[in-house]
Amino acid sequence: MGILEGKRILVAGVTMDTSIGFEVARVAQEQGATVVVSNFGRALGITRRIVNRLPEPVPVIELDVTDEEHLAALPEALREHVDGLDGVVHSIAYGNPETLLGGDFLRGPWEDVAQAVQVSAYSLASLTRACLPLMGEQGGAVVGLTFDATVAWPAYDWMGVAKAGLESCARYLARDLGPRGVRVNLVSAGPLKTLAAKAIPGFEQLEATWAERAPLGWDNADRAPTARAVVALLSDLFPATTGEIVHVDGGFHAMGT
Ligand code: NAP
């Protein structure tokens, strides 16, 4: 029996089969979950085709996390497919690569920073709020994806600021939702080859250092270890863990030089 047997999980943020969210959906299905996937706008058609590569069919619903109407309609859209939710995966981020990334930190204009923070950090709260009506008495688990925001990285710039916001947001949600039995945790992944990572100028610099310094080594094409950690946090195997950041980075974060 899988560790998500009988659980109903929303995975928000699947575009390609390289998306971390895709791998989470795959592992979650293997572990017995019923999965619903969401994505937004232009990429929705791609998502609908890509999910056919998952082991089981999944419904795809439209959700732009900056659209209040989408968020308000989310519970109803979900109820068409599941009678409740046990877990929510936030696998969403965006920052304008031309103005916010690449190593010229001081130029970042506020409008673009505001968008990055709204999509990549605030949305953890807005998505969670929208899903709460489906979580019911039994509580549930919310899991998001971060890139270690405790230090300044080459090129990552304002996305790093947005991730710091995400990490803090997760702790406050953990504080307020603990009494309702909802756990909120993040997985801090090492660099993985996905659409979002490709948009980061200079990301290959980081990838090279990672493979050298991580004591366990690091394969930037293998999204499975990250997805498995997300699935473990969604499961009942972590009943007393919330406000936590689990590193899935080959041990990179724990090393000095
Ligand atoms: P990805 O495949 O590009 O996934 C990011 C998703 O966010 C895409 O599906 C994207 O949709 C969606 N998105 C962007 N704006 C949105 C909005 N307004 N509303 C709803 N969805 C929106 O890249 P990924 O690497 O798997 O990223 C997933 C998460 O992992 C992100 O939080 C990322 O920061 C985090 N992470 C990634 C790495 C890495 O090295 N790849 C490392 C650590 C953490 P579109 O494709 O349509 O824009």
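Within the range 127-181, the set of residues being out of contact with any Leu (no Cβ under 7 Å at 6 or more places or on another chain), surrounded by fewer than 21 Cβ atoms within 10 Å (Cβ to Cβ) and part of a loop (DSSP other than H, G, I, E, B) comprises G136, E137, Q138, G139, D148, T150, V151, A152, G181.
Of the residues that sit in the range 182-193 and are assigned to a loop (DSSP other than H, G, I, E, B) and over 14 Å from V246 (Cα atoms), which one is modelled with the lowest pLDDT? This residue is K193. For the residues E76, E68, the requirement of being under 20 Å from the mean Cα position of the chain (by Cα) and without any contact (Cβ under 8 Å) to a residue 24 or more places away in the chain singles out E68. If the condition is being among the acidic types (D, E) and touching a strand residue (DSSP E or B) at 6+ places or on another chain (Cβ under 8 Å), then the range 144-175 contributes D148, E167. With respect to the conditions (1) more than 11 Å from the ligand (Cβ to nearest atom); (2) within 27 Å of M135 (Cα to Cα); (3) open to solvent by 40 Å² or more (accessible area, probe 1.4 Å), D67 falls short on a single one, namely (1).
Condition test on L10, is it among the hydrophobic types (A, V, I, L, M, F, W, C) and touching a Leu at 6+ places or on another chain (Cβ under 7 Å)? Answer is yes for this residue. Of all the listed residues (A232, A189, A196, A214), the sole one being in contact (Cβ under 8 Å) with a residue 60 or more places away in the chain, surrounded by 16 or more Cβ atoms within 10 Å (Cβ to Cβ) and more than 13 Å from the ligand (Cβ to nearest atom) is A232. Counting only helices (runs of 4 or more DSSP H) that fall entirely inside the range 4-112 and contain at least 1 residues that are in contact with a strand residue (DSSP E or B) (Cβ under 6 Å, 6 or more places away or on another chain) and charged (D, E, K, R), the qualifying elements are 44-50. The single condition from (1) away from the ligand (no atom under 15 Å from the Cβ); (2) farther than 23 Å from I245 by Cβ; (3) not hydroxyl-bearing (S, T, Y) that D86 fails is (2). Residues in the range 134-178 that are within 12 Å of the ligand (Cβ to nearest atom) and among the polar types (S, T, N, Q): T146 only. Of the residues making up the range 236-246, at least one is open to solvent by 10 Å² or more (accessible area, probe 1.4 Å), within 14 Å of the ligand (Cβ to nearest atom) and either modelled with pLDDT under 95 or within 30 Å of D104 (Cα to Cα) (or both). Of everything listed in (1) more than 16 Å from the ligand (Cβ to nearest atom); (2) open to solvent by 70 Å² or more (accessible area, probe 1.4 Å); (3) in contact with a helix residue (DSSP H, G or I) (Cβ under 9 Å, 6 or more places away or on another chain); (4) closer than 26 Å to G181 by Cα, the single unmet condition for H81 is (3).
The values are calculated or read from the model by the stated rules, or taken from the named source; none is laboratory data. Please read all numbers here as calculations on a predicted model, not as lab measurements. Neighbour counts are summed over all protein chains in view; Cβ atoms, including those assigned to glycine, are modelled from backbone coordinates with ideal geometry. To get the accessible areas, we keep the full protein, side chains included, count just its heavy atoms, and leave off ligands, DNA and RNA. Shrake-Rupley method; radii C 1.70, N 1.55, O 1.52, S 1.80 Å.
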